[in-house]
Ligand code: NDP
Ligand code: ZN
């Protein structure tokens, strides 16, 4: 199962909206087939692994990181394939939370006389597919909030200077997150002040995420780099009160304008809308006002903070998070530190919700 999990992980950042899945076929103590799901629409892990095993698959044990599917999606059900290949035993790490499968894959195998064992390295398998599990269960993307700040929590000086607070290796790490997420989001003030490109600038990125701007009144400058560079799709989210003429001039530049049916952009509605558009994971890069809204809504899954050992000070210097905040300590959102890492001179901290 460990090998199957390692195989699954190789598909990170390229299977969305599908899960990461690995499969290993074992007979007489030898691996006779291996496979991973690599892209939505392409064969599932079990198909690659069983094909590799060929006629040897009969009487074998198949280790698979996620319950085999039982429904006809873009490809035929893997449960049927395992049955027709006459495998003896199927060992599953995690059950598929997809309501179309949810236990049915395993039942189908059992009904055909195959021995099924479930829950082997379950925690590892659920961690690997935390984005998929969250998305299937809530229909909203898995949300990561990210910021880079000084030790005193500032993201710029009083005059607005912010380049660079963190070093090169922290900045490179950010690009790895960009590659893994389906979309990156920023507020219109960040777009106006910094003109960021919001692309993944690793050497050979597996994909470029969709770039999303929260912009109630469509104030994004028509000259903004991300509107004109054509590197990856740009979705500008607006409130309900924007003039059709203004919208048209952006559409001519191939920007997708998505109008909410409320005057303001509410985070809950926004996340549902993005979920409907197959955005399974969202990387929120600020600024402070946008982070404040996400925190207030409670609709986020993890925070990645890069802290530089630097003191900026200044009451008016922008903090990592603004917005209204919470008035009582017992309302504040308590997180659990999941990971810490020193990157160059900086400290990276990954926090998740207490229950997460
Ligand atoms: P933001 O970039 O957070 O943009 C805020 C604007 O987004 C709002 O004024 C609002 O404008 C629009 N918006 C639309 N819907 C929402 C919503 N639901 N919640 C919040 N905002 C919404 O602005 P800030 O001024 O806080 O931050 C900008 C600064 O932050 C920049 O100078 C940038 O350099 C810095 N920054 C630093 C980062 C770091 O990690 N160090 C990362 C990113 C930015 P409207 O009402 O017109 O729609
Ligand atoms: Zn399948």
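The stretch between residue 102 and residue 228 holds 41.0 nm of extra length on full extension. This uses 0.36 nm per residue minus the Cα-Cα distance. Annotation: peptides 281-287, 110-116, 303-309, ranked by per-residue average of other Cβ atoms within 10 Å with the highest first, follow the order 281-287, 303-309, 110-116. DSSP bridge analysis restricted to the chain gives an antiparallel fraction near 40%, rounded to the nearest 5. Calculated FRET efficiency, residue 269 to residue 248, Cβ-Cβ distance, R0 = 22 Å: about 0.40 to the nearest 0.05. Relative to the longest principal axis of the Cα atoms of the chain, the long axis of helix 168-180 makes an angle of roughly 50 degrees. Compared with the dominant principal axis of the Cα atoms in the chain, helix 288-297 is inclined by about 50°.
Most tightly packed first, judged by the mean number of other beta-carbon atoms within 10 Å of their residues, the peptides 245-255, 17-27 read 17-27, 245-255. The tail of the calculated P(r) for the stretch 1-92, taken as Cα-Cα distances beyond 21 Å, holds 21 percent of the pairs. Taking a ≥ b ≥ c as the square roots of the eigenvalues of the alpha carbon gyration tensor, the stretch 27-171 is prolate, as a/c is not under 1.5 and a/b beats b/c. Each label point was placed 7 Å from the Cα along the Cα-to-Cβ direction; for residue 340 and residue 327 their separation is 3.4 nm.
Helices in the chain, meaning DSSP H runs of at least 4 residues, each add -39500 (n - 2.57). Divided by all residues, the mean residue ellipticity at 222 nm is -7500 deg cm²/dmol.
For the chain, the longest principal axis of the alpha carbon atoms and the long axis of helix 267-276 meet at an angle near 40°.
Computed from label points 7 Å out along Cα-Cβ, the spacing between residue 10 and residue 297 is 3.7 nm.
Tell me whether the chain comes out rounded, prolate or oblate; compute the Cα gyration tensor, take square roots of the eigenvalues as a ≥ b ≥ c, and use a/c under 1.5 as the rounded threshold. Cα axes put the chain in the prolate bin.
Every number here is computed from the coordinates shown, using simple stated rules; none is lab data. Everything numeric in this text was worked out from a predicted model, so none of it was measured. Cβ sites come from the backbone with ideal geometry, for glycine too, and all protein chains shown count toward neighbours.
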